[in-house]
1. Search the stretch B:64-90 for residues that are in the same structural domain as B:Lys114 (by TED's automatic domain parsing) and within 14 Å of B:Glu45 (Cβ to Cβ) and pair each with any residue that is open to solvent by 20 Å² or more (accessible area, probe 1.4 Å) and in a helix (DSSP H, G or I) when their beta-carbon atoms are under 6 Å apart and the residues are at least 6 apart or on different chains.
2. Evaluate the stretch A:277-294: report whether one residue or more is open to solvent by less than 10 Å² (accessible area, probe 1.4 Å), without any contact (Cβ under 8 Å) to a residue 60 or more places away in the chain and of a type outside the set (Asp, Glu).
3. Could you say whether any residue in the stretch B:22-38 is small (Gly, Ala, Ser) and closer than 30 Å to B:Cys162 by Cα?
4. Would you mind listing the helices (runs of 4 or more DSSP H) fully within the stretch B:182-227 where at least 3 residues are in contact (Cβ under 8 Å) with a residue 40 or more places away in the chain?
5. Of all residues in the stretch A:323-379, which are aliphatic (A, V, I, L, M) and in contact (Cβ under 8 Å) with a residue 60 or more places away in the chain?
6. Restricting to the stretch B:243-273, what's the tally of residues that are within 14 Å of chain A (Cβ to nearest Cβ), closer than 20 Å to B:Tyr207 by Cα and more than 18 Å from the chain's Cα centre (by Cα)?
7. Given the stretch B:1-103, what strands (runs of 3 or more DSSP E) lie entirely inside it while holding 3 or more residues that are farther than 24 Å from A:Cys194 by Cα?
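The values are calculated or read from the model by the stated rules, or taken from the named source; none is laboratory data. On a predicted model such as this, the values are computed, not experimentally measured, just so you know. Every residue, glycine among them, receives a Cβ derived from its backbone with ideal geometry; neighbour counts consider all protein chains shown. What goes into the accessible areas is simple: the full protein's heavy atoms, side chains included, and nothing from ligands, DNA or RNA. Shrake-Rupley method; radii C 1.70, N 1.55, O 1.52, S 1.80 Å.
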Amino acid sequence: MFVQNYYNLCYNIKEIVLMKEGDILSYKTLYRTYRPKMFSDVVGQEHITRTFKNALLKDKISHAYLFTGPRGTGKTSVAKIIAKTVNCVKSPTDEPCNVCESCSSINSGFDNDVYEIDAASNNGVDEIREIRDKVKYAPTTSRFKVYIIDEVHMLSTGAFNALLKTLEEPPSHVIFILATTEPHKIPATIISRCQRFDFKSISIKDIVARMKYIISVENIKIEEKAIYTIAKNAQGGMRDALSLLDQVISYSENIVIEEDVHEITGTVSEEKLANIVQYLILGNVNEAICSVDDLISRGKEPLRLIENLIFYFRDIFLINKMEKIDEQLVTNNSDETKEIAAKISENNLFELILILNNTQYEMRKTNQPRVFIELALFELVNKLFIKDIKIEKKEVKENTLKKVIKESETKTEINDSTEKKYIDVSVIEKILNNANKEKKENLKSNWSSIYGININLTNIEQLLIDGQVEAVSNDNKILLSYEVDAECSRLYEKDVYDKAISILNSLFHENYQIVSLPLKIWNEKKGEFIEQFKNNIKQPKLSPITEPIIIKKNNNKFEYEPEIVKEAIGIFGEEIINIK
Amino acid sequence: MKNLYLFTGENKFEIDKKINRMIDEANVTDLSLVKYDAEEITVDEILNDCETLPFLSDQKIVIVNNPLFLASEKSKIQHNIDRFIEYINNPNQSTVLIINAYHVKLDKKKKINKLLLAKCESINYDNITELEAKAIIENRMKQLNINIKFDAVNELINRTECDSLKLYSELEKLSFYSEDKNEINIEDIKLLICEPVENNIFSLTNYFIERKIDKSIHVYHKLLRNNNEPIVFSSILGKNFHNLYLIKQYQKKFFTEFQLKNIFKIHPYQLKKLFQIAQRTKEEDIIKNIHAISEYDINVKSGRVDKYLGFELLILNM
């Protein structure tokens with residue numbers, strides 16, 4: 001009886017072994033089939049593979065590595081490739097041959113000297129102690145014993161301490177490769193013992209390229225758009241992308257279309273979202289509600305739908321705010337979305353997202369989430385549609401305002417108290433041509449020491465601080481730029497200028513002179529200068545400045561009064577207060 | 001060689017190097033080289049070993065790591081300090097006892113430490129300064145015949161935080177990476193050298209103040225990719241702003257950066273940066289940010305907003 005059982009057990013084990021080797025198991029998931037087998041297969045981590053190839057070729061291997069990075073970026077794969085390369089018959093080499101005995105046994109996962117340990121399930125001190133005890137023994141067949149510890153952040157504190165001891169003085173025939181997605185959970189003492197490599201998340205472009213390769217090998221029929229949707233959904237993880245691809249293939253019948261991917265992930269396509277928002281902008285609530293209802297009746301979860309809407313608006317927000325759109329961050333980035341983004345004002349967007357967010361919060365607590373979505377659509381229409389008209393009104397107002405300003409400007413020209421001054425461009429030219437970078441950096445880094453002069457800055461010190469040091473010439477002329485034109489022009493007033501100079505010179509013990517420019521003009525001139533300089537003109541000539549600077553002549557005395565002083569004067573009267 | 005050595009300081013790399021050199025010079029057999037962890041083995045046992053004669057060599061080296069019993073913290077196991085004092089006063093002539101107090105802050109009030117400092121050859125290795133780090137990098141690059149740009153050197157120092165162990169490890173990596181290159185620029189450094197999380201959050205503070213939405217969003221997503229919780233860095237961010245506010249108040253009272261070093265228990269480099277930021281920033285802006293962060297905290301914890309979306313909104317609305 002006992003013998004019979006034992007025999008059965010042996011037989012079962014043999015069968016499992018056969019299955020693992022792939023003889024009986026007919027289908028292997030894509031991400032396992034296409035797991036990179038050599039460094040050149042690894043996608044999106046050139047900085048790491050390059051470093052390792054060179055190190056391995058020189059046979060200079062450190063005994064402990066720490067791989068960090070998001071899931072599905074190739075940590076374990078690279079670890080396995082390293083294990084193969086160091087033990088390959090051809091070593092030292094920069095790529096494993098994948099043919100020799102050692103390589104193929106590691107590929108099948110049965111090598112005696114390569115240990116893959118999942119720290120998530122072996123997280124106790126005892127397991128690590130076991131490693132510690134066995135580490136001493138020489139490898140059986142290969143050159144190196146390689147320990148790959150996956151998810152190493154799951155180890156307990158005791159286990160980490162035990163591991164640390166081994167890492168401190170490992171025998172020369174052992175390599176430790178620790179992999180983790182959460183480096184901040186690893187004690188600093190462990191990190192400092194290892195050579196650390198950060199794996200980057202894989203760009204959409206790289207994922208698409210790799211998927212296209214697999215598709216062509218496996219002969220899968222799939223729409224181009226669907227590939228992109230999968231890649232966007234994977235969020236930088238190759239494994240996620242390939243398992244999603246696997247799912248979609250078994251889900252759809254002949255050819256995989258974009259909608260299949262959305263159905264599997266439960267997301268709504270960008271096109272549909274854009275449609276809904278377009279209706280809202282046009283004020284057509286009816287159509288918007290119809291399309292939402294249509295989506296729900298086709299089995300989309302209302303909660304997922306609102307989440308998708310929130311993220312759609314979030315993407316619009318980002319498109320509006322960011323100068324350069326990163327497609328890894330902004331997944332909804334079609335031209336249609338960009339068009340919509342241009343139509344919605346920024347202040348509005350924040351409110352819109354808050355409305356949707358509150359709706360989501362309410363929806364979790366109700367049995368009728370659909371009603372809340374529809375309500376939210378009404379609210380959105382109010383904001384999107386009516387506010388736009390308001391903007392037009394505002395524009396009108398602005399126009400009239402501008403007129404008034406212009407009129408007042410023309411009036412001020414007649415007024416005696418102002419003076420127009422055209423800045424002589426040759427002064428700026430001279431400064432730029434004699435610019436001294438060292439002096440500029442020096443001055444710039446010390447600029448803030450103006451703060452140290454006084455607790456409550458006088459208005460002139462404040463004026464100096466507001467300026468940006470753009471250039472300093474060899475003969476100590478400082479070029480300052482100002483965002484506010486009025487501030488800039490103040491430096492052309494004689495008494496202000498003198499005071500500013502005396503402050504600067506007593507502070508830095510130099511003989512400085514100041515030329516100030518409005519930021520707009522400075523940017524213009526800077527552009528001109530750089531362009532000419534790039535075209536190898538040694539002494540660039542700038543075009544004259546056409547816009548005058550308006551300077552007040554009889555400046556009414558304005559001295560900086562801190563809030564507290566004003567208050568004190570209010571209470572005690574001006575005579576009693578003695579400001580020191 | 002003397003009979004008693006005491007190593008102190010934060011520079012593990014230099015300490016280890018020195019100890020290894022001493023072992024090489026002494027030329028002892030494996031059997032006469034013993035290492036102990038003072039958190040696992042009692043002083044009694046260590047001293048028993050010190051008092052026995054070396055085996056097959058002239059001298060015996062005993063290294064004591066982790067001597068927490070010298071610090072003011074409480075040690076995990078009970079040590080017989082009296083016997084240790086006795087031994088220090090009268091060491092065995094054939095034994096070299098090395099006490100490696102790396103990362104252990106000696107409690108100078110303790111009698112034992114006064115004695116150790118008087119009797120031992122005590123060597124202190126402090127962490128390298130920025131200038132030293134720069135020299136190390138430039139030397140190494142010269143050896144490798146690689147041009148390294150000025151800003152790349154700064155970035156490298158910034159990312160390794162003047163930690164010599166880290167610096168050497170990263171330099172080794174760089175040397176492999178740049179095998180067939182003759183120039184390293186800042187992009188290479190950014191790609192290859194790991195950045196500590198605090199550093200990232202620190203730059204986030206800076207970007208918040210400067211209202212650089214693009215960069216903030218990028219840093220935020222970089223942090224997310226390592227599975228950090230947004231709530232964690234919102235709290236660090238809050239702490240940074242809190243410190244900024246305090247520094248601002250001190251600045252009004254003319255405190256210099258040097259004086260603040262004793263008041264704030266943060267990394268001197270961070271203090272330097274915060275000090276500069278505080279000079280540039282208005283008090284209202286700091287307070288506004290603190291309020292925004294606290295509101296985010298409340299909203300996330302009461303489930304009103306998704307923690308990832310909420311943080312983005314925090315950035316977008318800054």
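1. Sorted first by the residue in the stretch B:64-90, then by its partner, the pairs are B:Asn80/B:Asp44.
2. Taking the stretch A:277-294 and keeping what is open to solvent by less than 10 Å² (accessible area, probe 1.4 Å), we get A:277, A:280, A:288, A:292.
With without any contact (Cβ under 8 Å) to a residue 60 or more places away in the chain added as a condition, the list becomes none.
No, because not a single residue in the stretch A:277-294 is open to solvent by less than 10 Å² (accessible area, probe 1.4 Å), without any contact (Cβ under 8 Å) to a residue 60 or more places away in the chain and of a type outside the set (Asp, Glu).
3. Looking only at the stretch B:22-38, we keep the residues that are small (Gly, Ala, Ser), and these are B:26, B:32, B:38.
This time we only want the ones that are closer than 30 Å to B:Cys162 by Cα, so: B:38.
For the stretch B:22-38, residues small (Gly, Ala, Ser) and closer than 30 Å to B:Cys162 by Cα: present.
4. Values: elements: B:186-192, B:197-210, B:213-225.
The helices (runs of 4 or more DSSP H) meeting that bar are B:197-210, B:213-225.
5. Step one: of the stretch A:323-379, the residues aliphatic (A, V, I, L, M) are A:325, A:329-330, A:340-342, A:344, A:349, A:352-356, A:363, A:371, A:373, A:375-377.
A:Ile340, A:Ile344, A:Met363, A:Ile373, A:Ala376, A:Leu377, listed by residue number.
6. Residues that pass the stated criteria total 2.
7. Values: elements: B:4-9, B:33-37, B:60-65, B:95-102.
Filter on the stretch B:1-103 gives B:4-9, B:60-65, B:95-102.
Results for (1) open to solvent by 10 Å² or more (accessible area, probe 1.4 Å); (2) over 19 Å from A:Asn54 (Cα atoms); (3) within 11 Å of chain A (Cβ to nearest Cβ), shown as yes or no for each residue.
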{"position": "B:Ala133", "(1), (2), (3)": "no, yes, no"}
{"position": "B:Ile137", "(1), (2), (3)": "no, yes, no"}
{"position": "B:Ile146", "(1), (2), (3)": "yes, no, no"}
{"position": "B:Lys149", "(1), (2), (3)": "yes, yes, no"}
